[in-house]
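Undergrad: To start, I am sharing the structure in question, which I have written as structure tokens.
The values are calculated or read from the model by the stated rules, or taken from the named source; none is laboratory data. No experiment lies behind these values; they were computed from the predicted model shown. Using ideal geometry, Cβ is built from the backbone for each residue, glycine included, and neighbour counts are taken over all protein chains shown. In case anyone asks, the SASA skips ligands and DNA or RNA and just uses the protein heavy atoms, side chains included. Shrake-Rupley method; radii C 1.70, N 1.55, O 1.52, S 1.80 Å.
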Amino acid sequence: MPEKETVLLTGGAGYIGSHIAVDLIDSGYNVVIADNFDNSSPEVIDRIEEITGVRPILYEIDVTNEEDLRQLFKENQIDSVIHLAGLKAVGESVELPLKYYSNNLNATLNLLKIMEEFGVNKIVFSSSATVYGVPETVPLTEDMPTSCTNPYGWTKLMGEQILTDAAKANEDLSVILLRYFNPVGAHKSGLIGEKPNGIPNNLMPYICDVAKGKRDHLSVFGNDYPTKDGTGVRDYIHILDLSSGHLKALEYAQDQKGVSVFNLGTGTGYSVLDIVNAFEKANNIKIPYEFTPRREGDVAECYADPKKALEILDWQAVHSLEEMCQDSWNWTQKTNS
Ligand code: UD1
């Protein structure tokens, strides 16, 4: 039996990270999580163990701390890294740009430095469709121009640039940049899912708050976009599909050198009203809503062309919108209430 590969998952206790941890463990990888629980909790580690029967190794550290990260690499033979740790609230990033640049960029720089020290050459980076800025056309392909409308987005784009330059300078380095569209849904067990702090910014967690009676209605931000029903169109992707994309990317990183970039989306755009209707139908719950003015910085339409990931990674999203709505609600009822 070959030795199991060991993957360092930074931000592994978060919404996306916890699902990837489960998939990695289920696929036979050893998982080491580095997380400072800034936007997650230690309970998530128990839940990962409950689902998989295996407790991932946990380092409660900040990835920006060089000594702590070095210690982790000393104590574990890391084969590859999936780097998700970072701050991600768009609005907060506009208020506190230096905090975002400092945290997100230093985490990536520190990680690359320590990886080099220990001869670790494979990294999958959590990027975002936000790097496409205000798209001129949709669907978005990976070679379309990039730009950002807020500091959070810039930290993702700059992270991509740092990794790209690092790979140019070190020909052994394999970098996979994954641009996520809009992750929703939760693990089928209902034990892990998205748990935003305070008032949710994102659509699905807000709808779940309305469904459980925590808020009385949804504000639909704008009904005058040039879309089929006037509301914003996005590419919602089930978290289980997003997670499986990381495992495919990790496999691909074994064979390639240099940088590759992939969209992780379904290729289908749904409007806000599509989501409200699908949620109501899937869960048999009424979601009252009101139209309000557009939210600053929002674009009319954003959805992926996911062909590249299919052709090269042999990956595509398989979970339906109905499942996204059911699984978000299952998690909300079971655990997140
Ligand atoms: C947002 C972030 C993006 C980030 C992503 C993570 C902004 C401008 N963009 O994307 O950088 O990567 O989350 O998932 O914040 N909506 C409502 N009412 C609500 C909430 C949302 O109508 O209460 C609408 C929005 O106008 C949009 C759609 O729902 O049309 C999706 O919004 P959201 O879930 O916040 O995601 P994005 O804005 O696409």
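Undergrad: Tell me which of Leu173, Met144, Ala186 sits at the most positive position along the dipole axis of the range 126-208, charges placed on C-beta atoms (Lys, Arg +1; Asp, Glu -1).
TA: Value: Ala186.
Undergrad: Could you pull out which residues in the range 113-138 have an amide N less than 18 Å from a spot 7 Å beyond the Cα of Glu75, following the Cα-Cβ vector?
TA: 114-115, 118
Undergrad: With a 1.4 Å probe and every protein chain left in place, work out the accessible area per residue of the chain in Å², rounded to a whole number. Write down the numbers at each step before the final one.
TA: On the way: 14900 Å² over 337 residues.
Per-residue accessible area for the chain comes out at 44 Å².
Undergrad: Now for a different question. Convex hull over the alpha-carbon atoms of the range 41-112: what's its volume per residue in Å³?
TA: Details: hull volume 8.1 nm³, N = 72.
It comes to 113 Å³ per residue, whole-number rounded.
Undergrad: Next question. Would you mind getting me the FRET efficiency between Glu117 and Ser219? Use the beta-carbon distance for r and R0 = 56 Å, nearest 0.05.
TA: 0.70
Undergrad: Expressed in nm², what is the orientationally averaged projection area of the convex hull enclosing the Cα positions of the range 111-266?
TA: 11.6 nm²
Undergrad: Carbon-plus-sulfur fraction of the accessible area of the chain, 1.4 Å probe, in percent?
TA: 48 percent
Undergrad: Now for a separate question. For n ≥ 4 DSSP H runs only, could you compute -39500 (n - 2.57) per run for the chain, divide by its residues and tell me the 222 nm figure to the nearest 500? Don't skip to the end; give the middle numbers.
TA: On the way: 11 runs with 125 residues, N = 337.
The helix contribution divided over the chain gives -11500 deg cm²/dmol.
Undergrad: Compute a Gaussian network model of the chain, connecting alpha carbons closer than 10 Å, and tell me which residue from Asp165, Asp143, Asp241 fluctuates the most.
TA: Result for the chain, Cα springs under 10 Å: Asp143 fluctuates most.
Undergrad: Quick one: of Lys168/Lys248; Lys156/Lys248; Lys4/Lys257; Lys4/Lys308; Lys195/Lys307, which pairs are farther than 26 Å apart, Cα to Cα?
TA: Checking Cα-Cα distances, Lys4/Lys308; Lys195/Lys307 exceed 26 Å.
Undergrad: Based on alpha-carbon centroids, what's the gap between the range 251-283 and the range 104-168 in Å, whole number please?
TA: 18 Å
Undergrad: Go ahead and collect, in residue order, the members of the range 100-117 whose backbone nitrogen is under 15 Å from a label point 7 Å along the Cα-Cβ direction of Glu66.
TA: The answer is 106-117, whose backbone nitrogens lie closer than 15 Å to the label point.
Undergrad: Over 20 Å intervals from 0, what percent of Cα-Cα pairs in the chain sits in each interval?
TA: 32, 60, 8
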